[in-house]
Amino acid sequence: MKFVTYLRVSTDRQGKSGLGLDAQRAAVLDYVASKGHIAVEFVEIESGKKNERPQLAQAMAEAKRIGAVLLIAKLDRLARNVAFIANLLESGVEIAAADMPEANRFLLHVMAAVAEHEAQAISDRTRAALAAAKARGVALGWSMPERKEEQRRASRKGAAKNAENACMHAANVLPIIRQIAAGGASLRKIADELNTRGIKTARGGLWYAATVRNIMARENEIEAQAA
């Protein structure tokens, strides 16, 4: 049996240090040991509240293409959204969780519903507290003059995160590009094949010959940064 593994951490610091990823890798390796082998691994650094995750989309597309099981370490690594879980289950890709091998489709829906309820409750309490503070005249967020430098640092950090995510995305796509290119496909054919497989670019768009060429031209740099 073949497996496509999907690992996710919520912060840049976790992604850079390996905190969380090592534990997830150990869990999926234990799960796969007596069942088959891992065909490819996808790693994403993103909040569980966000539904647009390019690495997960690629993992699903690749699992569907090669007839593999999409394996995650923990069920809470999927999402905190019922509709998102429903879309995954309706995609036709078999999904397994290393921490709960007995999980079925019904249980996935129930757990997602509970997690979504908890997340919404936290969000509601936060909004209520902020509204009460604003009503008292408390300056919030970037409107505070003393936070201008913090805002600039946050902007720089955001740009760095985008660059890092793009590099990680490229590192995950490179093995697929190499596989297609090995058959003698042109850049345009490679782009067409990636689009056919449902694999998106780092920005969630379609592939073109120039996009593929840029990734291949940066191959050494991408592998060095992803190592």
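Overview of results
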read-out	value
Test for Ala59: is it open to solvent by less than 60 Å² (accessible area, probe 1.4 Å), out of contact with any helix residue (DSSP H, G or I) (no Cβ under 9 Å at 6 or more places or on another chain) and either at pLDDT 80 or above or of a type in the set (S, T, N, Q) (or both)	no
Subset of region 1-21 [surrounded by 14 or more Cβ atoms within 10 Å (Cβ to Cβ) and at pLDDT below 90]	Tyr6, Leu7, Arg8, Val9, Ser10, Thr11, Asp12, Gln14, Gly15, Gly20, Leu21
Tally, over region 196-219, of residues that are within 21 Å of the chain's Cα centre (by Cα) and either in contact (Cβ under 8 Å) with a residue 60 or more places away in the chain or part of a loop (DSSP other than H, G, I, E, B) (or both)	11
Residue list for region 182-203, filter: among the hydrophobic types (A, V, I, L, M, F, W, C) and surrounded by fewer than 17 Cβ atoms within 10 Å (Cβ to Cβ)	Ala182, Ala185
First in region 72-94 and modelled with pLDDT of 75 or more, second anywhere and part of a helix (DSSP H, G or I), Cβ under 6 Å, 6 or more apart	Ala73/Gln24; Ala73/Ala27; Ala73/Val28; Ser91/Met60; Val93/Met60; Val93/Ala63; Val93/Lys64
Every pair of residues 6+ apart whose Cβ atoms lie under 9 Å, when the first sits in region 1-22 and is charged (D, E, K, R) while the second is open to solvent by 80 Å² or more (accessible area, probe 1.4 Å) and modelled with pLDDT under 50	Arg13/Leu19
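The values are calculated or read from the model by the stated rules, or taken from the named source; none is laboratory data. It should be emphasised that the depicted structure is a prediction, and the values quoted were computed from it without experimental measurement. Heads up, the Cβs are rebuilt from the backbone with ideal geometry, glycines too, and the neighbour counts pull from every protein chain shown. Ligands, DNA and RNA are stripped out before the accessible areas are found, and what is left, the full protein with its side chains, is counted by its heavy atoms. Shrake-Rupley method; radii C 1.70, N 1.55, O 1.52, S 1.80 Å.
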